[in-house]
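The structure appears below as structure tokens.
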Amino acid sequence: MIDDENSILTDFLKFVRSMRVVNGIGTMTFLGGNTVSDEIIESMKYVSDIFINMQDFSRIAGEYIARRLGVEAAYITAGAAAGTVLGLASLLSLKTGARYIKDIIEEGRKMVVAVQRPHKTEFRDLIYMAGPGIIEFGDEGYVSEQSLEETIKKHGKNILAVLHYELDPMDGALPLESVIRIAHSYNVPVIVDAAAEIPPKGNLTRYLKMGSDLVLYSGGKMLGGLSNSGLMVGRKDIIMMAQSLGPFSEENGPDGTRVFIGRPMKISKEIIVATVAAVERFLTFNDEDWLRKQRSMADNIAKMISDIDQEMTVRVVDPGWNHPRPVAIPRVEISFENGMSADEVCSRLKNFRVPIYTYSLDGKLYLNPQCLKEDDVPIIIDGLSSIVRAEKGETRWRN
Ligand SMILES: *Cc1c(COP(=O)(O)O)cnc(C)c1O
């Protein structure tokens, strides 16, 4: 049907392709997350025409991944964000015995999750979805070990966990090693949000090996799976509880059948095989080679941009913590000497004939090569050239 030149679906699909943008930011959910390989699509076909017991299937897929990664336990989720909520709900259930949605939220409301003050990420508010409040520790520019200890002592058994956003190399933050050591000395579990921290590849097991209790990854970023997938790895008891509160869990009781908190975080059988395939592929992925290619792509782009106009100073830099993650990937940094604002250039590029997404930080414009294809490069050069020309008054800016 899709081959039918005259079908309405074909028209729609062609139209959708015409909406495509150049992604110079990275594996951003709002731009579609990532692109997936044919192998991922193929793997999905293996289960697309069968029925299967999803509770068993999701469990054995998690066990398979755990074995392949050499970790205690793993579970496929509907993304790192879903994993955050399901992970916290699982800890709540382990701690209080609450299982039903209402009980988890009510027990959760009596508790807090500690987050160090500099870790003000856009994902922090997800904590509220499991019920707990957020308690900050430390100061904006410096977080002491003492501040975590005092927070844990003050909140006693009402402290559910420390949620650590992996944002290295952030200055002044309390490093994960210290967080784990202190939290564990008071029996407080540590959850690590490492959604976009690969590559390097070793980061897929690193935080768990360091001793944290649960680590969350996105399946749809560098892991190469679908955007609405994720992986949690961690302590077996937490993972088992996550399964029992997960999307495929139901319980028959006197009041009828009940679902659990994971139900709105449903994944499909296709997502499960795609995530297994993504992990498998990632294990054979040569990240050092890939990072070298990223650097050489960044170098080439930088060279081409600096040829456009002398009023742009272009360098390839290793990004700081506040850039789109992962920071292992080098970036093209453009400074404008003619008074053009990077914010303005960034928003004009989005209005180019093929929308070009870049990002600006501290008055500079940045490009991340991560999601760029070879044929995106001439479009970027075109876009930047026309903005510079327009600025010089040689041509008018056209949308
Ligand atoms: C992307 C991201 C998330 C959300 O992950 P999803 O897999 O899209 O749900 C959470 N935390 C951080 C730090 C992220 O970068």
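The values are calculated or read from the model by the stated rules, or taken from the named source; none is laboratory data. Keep in mind the model is a prediction, meaning the values are calculated, not measured. Ideal geometry is used to build each Cβ from the backbone, glycine not excepted, and the neighbour counts take in all protein chains shown. Only protein heavy atoms, including side chains, enter the accessible area calculation; ligands, DNA and RNA are left aside. Shrake-Rupley method; radii C 1.70, N 1.55, O 1.52, S 1.80 Å.
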### Summary
Checked against (1) within 16 Å of the ligand (Cβ to nearest atom); (2) touching a Phe, Trp or Tyr at 6+ places or on another chain (Cβ under 7 Å); (3) not aromatic (Phe, Trp, Tyr), ARG206 satisfies every condition except (2)
### Query
With (1) within 16 Å of the ligand (Cβ to nearest atom); (2) open to solvent by 20 Å² or more (accessible area, probe 1.4 Å); (3) out of contact with any strand residue (DSSP E or B) (no Cβ under 8 Å at 6 or more places or on another chain) as the list, and MET54 as the residue in question, which single condition is left unmet?
(1)
### Message
Looking at ILE60, ILE76, ILE52, ILE40, can you tell me which residue is of a type in the set (A, V, I, L, M, F, W, C) and free of Cβ contacts under 8 Å to residues at least 40 places away in the same chain?
### Response
ILE60
#### Entry: Complete set of residues in the stretch 279-327 that are among the aliphatic types (A, V, I, L, M), in a helix (DSSP H, G or I) and in contact (Cβ under 8 Å) with a residue 40 or more places away in the chain
VAL279, LEU283, LEU291, MET297, ALA298, ILE301, MET304, ILE305
### Query
Just a yes or no: is a residue in the stretch 121-135 open to solvent by 50 Å² or more (accessible area, probe 1.4 Å), among the aliphatic types (A, V, I, L, M) and within 16 Å of the ligand (Cβ to nearest atom)?
yes
### Message
From the list LYS14, LYS45, exactly one residue is outside the structural domain of PRO330 (by TED's automatic domain parsing), open to solvent by 70 Å² or more (accessible area, probe 1.4 Å) and over 23 Å from the mean Cα position of the chain (by Cα). Which is it?
### Response
LYS45
## Note on the structure
Reported set for the stretch 62-93 where residues are over 15 Å from GLY262 (Cβ atoms) and more than 16 Å from the ligand (Cβ to nearest atom) is GLU63, TYR64, ALA66, ARG67, ARG68, LEU69, GLY70, VAL71, GLU72, ALA73
### Query
Name the pairs whose Cβ atoms lie under 8 Å apart, with the first residue in the stretch 158-174 and at pLDDT 95 or above and assigned to a strand (DSSP E or B), the second away from the ligand (no atom under 15 Å from the Cβ) and among the charged types (D, E, K, R), and 6 or more positions between them or separate chains?
LEU160/LYS95; ALA161/ASP213
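Mind checking which residues of the stretch 69-91 are closer than 21 Å to ALA196 by Cβ and either of a type in the set (D, E, K, R) or in a loop (DSSP other than H, G, I, E, B) (or both)?
Listed by number, the residues that qualify are VAL71, ALA78, GLY79.
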### Summary
Given the conditions (1) open to solvent by 20 Å² or more (accessible area, probe 1.4 Å); (2) more than 13 Å from the ligand (Cβ to nearest atom), every one holds for LEU226 apart from (2)
#### Entry: Single residue of the stretch 209-223 satisfying the filter (closer than 29 Å to PRO369 by Cβ and of a type in the set (A, V, I, L, M, F, W, C)) that is surrounded by the fewest Cβ atoms within 10 Å (Cβ to Cβ)
LEU223
### Task
For MET241, work out the one condition from (1) touching a Ser or Thr at 6+ places or on another chain (Cβ under 8 Å); (2) within 15 Å of the ligand (Cβ to nearest atom) it doesn't fulfil.
(2)
### Task
Could you pull out the residue among LYS45, LYS102, LYS120 that is without any contact (Cβ under 8 Å) to a residue 12 or more places away in the chain, charged (D, E, K, R), more than 23 Å from LEU223 (Cβ to Cβ) and assigned to a helix (DSSP H, G or I)?
LYS102
### Query
Looking only at residues in the stretch 96-110 that are surrounded by 15 or more Cβ atoms within 10 Å (Cβ to Cβ) and of a type in the set (D, E, K, R), which one is farthest from GLU251 (Cα to Cα)?
GLU107
### Task
Find the residue count for the stretch 193-214, including only residues that are within 22 Å of GLN243 (Cα to Cα) and either under 12 Å from the mean Cα position of the chain (by Cα) or of a type in the set (S, T, N, Q) (or both).
5
### Task
Quick one: which residue in VAL113, VAL188, VAL143 is open to solvent by less than 10 Å² (accessible area, probe 1.4 Å), hydrophobic (A, V, I, L, M, F, W, C) and within 16 Å of the ligand (Cβ to nearest atom)?
VAL113
